[in-house]
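J.: Encoded as structure tokens, here's the structure I'll be asking about.
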Amino acid sequence: MQKIKNIAVIAHVDHGKTTLVDQLLQQSGTFEAHQEVQDRVMDSNDIEKERGITILSKNTAIVYGDHKINIIDTPGHADFGGEVERVLKMVDSVLLLVDAQEGVMPQTKFVLKKAIELGLVPIVVINKIDKDGAEPDRVMDEVFDLLVALDANEEQLEFPVLYAAARDGYAKWDIDDENKDMTPLFEAILEKVPYPKGSSEEPTQAQVFTLDSDNFVGRIGISRIFNGKIKKGDEYMLMKADGTKKVSRVSKLIGFVGLDRVEIDEAEAGDIVAIAGFADIDVGDTVADKSSPVALDPLHIEEPTLSIVMSVNDGPLAGTEGKHVTSNKIRERLEKEMETNIAMKMEPLGDASFKVSGRGELQIGILAENMRREGYEFLLARPEVVVKEENGVKMEPFEHLVVDVPEEFQGVAIEKLGKRKADMTSLVPMPDGTVRIEFEIPARGLIGFRSEFLTDTKGEGIMNHSFIEYRPYSGTVESRTQGALISMDDGTAVAFSLYNLQARGVLFIKPQDKVYNGMVIGESARPGDLEVNPLKGKQLTNMRTSGADDAIKLVPPRNMSLENAMEWIEEDELIEITPESIRIRKKYLNPIDRRKHIRDKKNAGK
Ligand SMILES: Nc1nc2c(ncn2[C@@H]2O[C@H](COP(=O)(O)OP(=O)(O)OP(=O)(O)O)[C@@H](O)[C@H]2O)c(=O)[nH]1
Ligand SMILES: [Mg+2]
């Protein structure tokens, strides 16, 4: 039997997981000498590359001496926490990375909690020790305190610690050791990660933790083999969580070597492989021995906490920019997404709209961004948290929030968060003159908070949050105070009128942009919506020609990216998304309908 070690790399967002995996790949000699390798090779899809974040967990295998090390790189952003949870059941230890300056952050807590609950003993890697502000000792203490707070057992509290600068390619046992290479980390993995339990002689049991698809063989389940063997061409029983069973033949078996996938004939207990041949294979399914099938425990997958309504674009510019605009097209695309993205859910609501649920705004935003690039056009409503009822009590998701702000903004941050029903749990001055304040807050209170927070802290605040649990509903939360500037006409925006409107607030559009009646073109400086006319040209006089229009100096418009727009809009507003534009509009384009809506809402006592 081959010597195998299975490990996942977990951390808060940006603490250096993908960079570390890069270095391990490079330094193990897994790449051929001629192979050109980019930075963060594991971040392979377009959006991952552009944003420098990991969205999907991905596995790679490294050959080191006589060992094969299967490494799973996981996403650090809280919205993809569900990915991490699933992956942890497939490995025998984790590398927990913590930034030597930032220290323990919300997602560090979230992922470590899951690892501790599964009984894994982490290898702690204090990373980025090259940073000027690095304080490895303080961070080490924070990690230890966190483990104690998480009820770690004695073995877990004796976790090994290494100090690293992943970017510069070294790790070491002692902070005073020389900076060399990753050898100490390889040693730690070989010494400290237990060999997989289970036996190749037992009846086969493998569990799927990620899905993939291939144009030739269809759905593929990336699985960990816990017992027995999987052979290409043999029949196995696919066992689902709901008890359904079906025998199929493995048509293709794929092993991992570095970044390559290679076809293999057989794999044994302890290894991670991709299995093709089971048409409806899904995450959590067991691939079991045909004659003595025993299912593994199903994977626990946390429910989505945020939902958003997606609907067909019915505005006056509908169909002018997108390729796929019908309700059928949108439905097909969403259904396809739900097949592989098990952390999300979709529910048709009738009248050409769909409720899409996920773990956060970023996760849903990325789906929308992908659809837009594929030529889709649609509307998105304001994100809403998923409220549940437990024993007759209305429950809503709560988040752990950490904000880092320069001292002078501490007051405003606490005040604004108080209005959003946040409970402060700690306040610690940091050595660099900032304060780290922690809160527990209903997820509802966080919707739209980021942009306000950045404005309040002049862009210097940093905020991070992560799901804690469902708790009883906490009452109304304050939301955006400023009104919207709404266009009262259809046409093309004119510089002269935009120039005059600048006094009214912040604009989202520039001259020549298409606008329509009911479209939101800016944020008013005051509460309450304001209807304005962005089309009014200057009257021509003898003195000046309309050409002078070009010379008008306008403040650059606020860039309403998809995520900014999701943060900004209120319940009666929508985002219009097309391959070319992101516009904000009122749900009711006609001012009479809008007034009626406001009246109805008042009457309903909201
Ligand atoms: N100074 C310094 N920067 C580092 C080090 N390791 C990684 N970085 C930088 O930190 C940033 C984030 O690195 P990634 O490897 O993408 O982090 P990640 O943990 O994979 O991020 P997510 O997958 O989005 O959670 C990049 O700009 C890296 O170059 C290090 O040792 N020192
Ligand atoms: Mg990453």
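J.: I'm checking my understanding of the structure. Among residues of the range 26-56 that are modelled with pLDDT of 80 or more and hydroxyl-bearing (Ser, Thr, Tyr), which one is farthest from ligand 1 (Cβ to nearest atom)?
T.: Out of the qualifying residues, it is 28.
J.: I need the full set of residues from the range 163-220 which are within 16 Å of ligand 1 (Cβ to nearest atom), hydrophobic (A, V, I, L, M, F, W, C) and assigned to a loop (DSSP other than H, G, I, E, B), in order please.
T.: 175, 182 - these are the residues of the range 163-220 that are within 16 Å of ligand 1 (Cβ to nearest atom), hydrophobic (A, V, I, L, M, F, W, C) and assigned to a loop (DSSP other than H, G, I, E, B).
J.: For residue 23, indicate whether it is buried (at least 19 other Cβ atoms within 10 Å of the Cβ), within 12 Å of ligand 1 (Cβ to nearest atom), farther than 22 Å from residue 189 by Cα and at pLDDT 85 or above.
T.: Judged against the criteria, residue 23 is not a match.
J.: Let me ask something else about it. Filtering the range 61-76 down to residues that are out of contact with any helix residue (DSSP H, G or I) (no Cβ under 7 Å at 6 or more places or on another chain) and among the small types (Gly, Ala, Ser), which residue is nearest to ligand 1 (Cβ to nearest atom)?
T.: Taking the range 61-76 and keeping what is out of contact with any helix residue (DSSP H, G or I) (no Cβ under 7 Å at 6 or more places or on another chain), we get 61, 63, 65-66, 68, 70.
Next, from what is left, pick out any that are among the small types (Gly, Ala, Ser): 61, 65.
Numbers: 61: 18, 65: 25 Å.
If we take residues in the range 61-76 being out of contact with any helix residue (DSSP H, G or I) (no Cβ under 7 Å at 6 or more places or on another chain) and among the small types (Gly, Ala, Ser), then 61 is nearest to ligand 1 (Cβ to nearest atom).
J.: Follow-up question, since we're still on this one. What is the residue count in the range 111-130 for residues that are more than 18 Å from residue 6 (Cα to Cα) and in contact with a strand residue (DSSP E or B) (Cβ under 7 Å, 6 or more places away or on another chain)?
T.: The number of residues fulfilling the criteria is 5.
J.: Right, next: When the range 321-345 is examined, which residues are found to be under 19 Å from the mean Cα position of the chain (by Cα) and modelled with pLDDT of 95 or more?
T.: 334
J.: Could you grab the pairs with beta carbons closer than 8 Å, sequence gap of 6+ or different chains, first residue in the range 297-310 and farther than 25 Å from residue 89 by Cβ, second one in a loop (DSSP other than H, G, I, E, B) and basic (Lys, Arg)?
T.: From residues that are farther than 25 Å from residue 89 by Cβ, the pairs are 308/382.
J.: Give the residues of the range 128-149 that are in a loop (DSSP other than H, G, I, E, B) and either in contact with a helix residue (DSSP H, G or I) (Cβ under 7 Å, 6 or more places away or on another chain) or over 19 Å from residue 109 (Cβ atoms) (or both), sorted by residue number.
T.: Answer for the range 128-149, where residues must be in a loop (DSSP other than H, G, I, E, B) and either in contact with a helix residue (DSSP H, G or I) (Cβ under 7 Å, 6 or more places away or on another chain) or over 19 Å from residue 109 (Cβ atoms) (or both): 129, 130, 131, 132, 133, 134.
J.: Then there's this: So, in the range 240-284, how many residues would count as being part of a strand (DSSP E or B) and among the acidic types (Asp, Glu)? Don't jump to the end; show me each part of the working.
T.: We begin by selecting, within the range 240-284, every residue part of a strand (DSSP E or B); these are 245-249, 252-258, 260-263, 266-268, 272-276.
Within this subset, residues satisfying the condition of being among the acidic types (Asp, Glu) are 260, 263, 266, 268.
So the answer is 4.
The values are calculated or read from the model by the stated rules, or taken from the named source; none is laboratory data. Just so we're clear, the structure is a prediction, and the values are computed from it rather than from any experiment. Neighbour counts run over all protein chains shown; Cβ positions are idealised from the backbone, glycine included.
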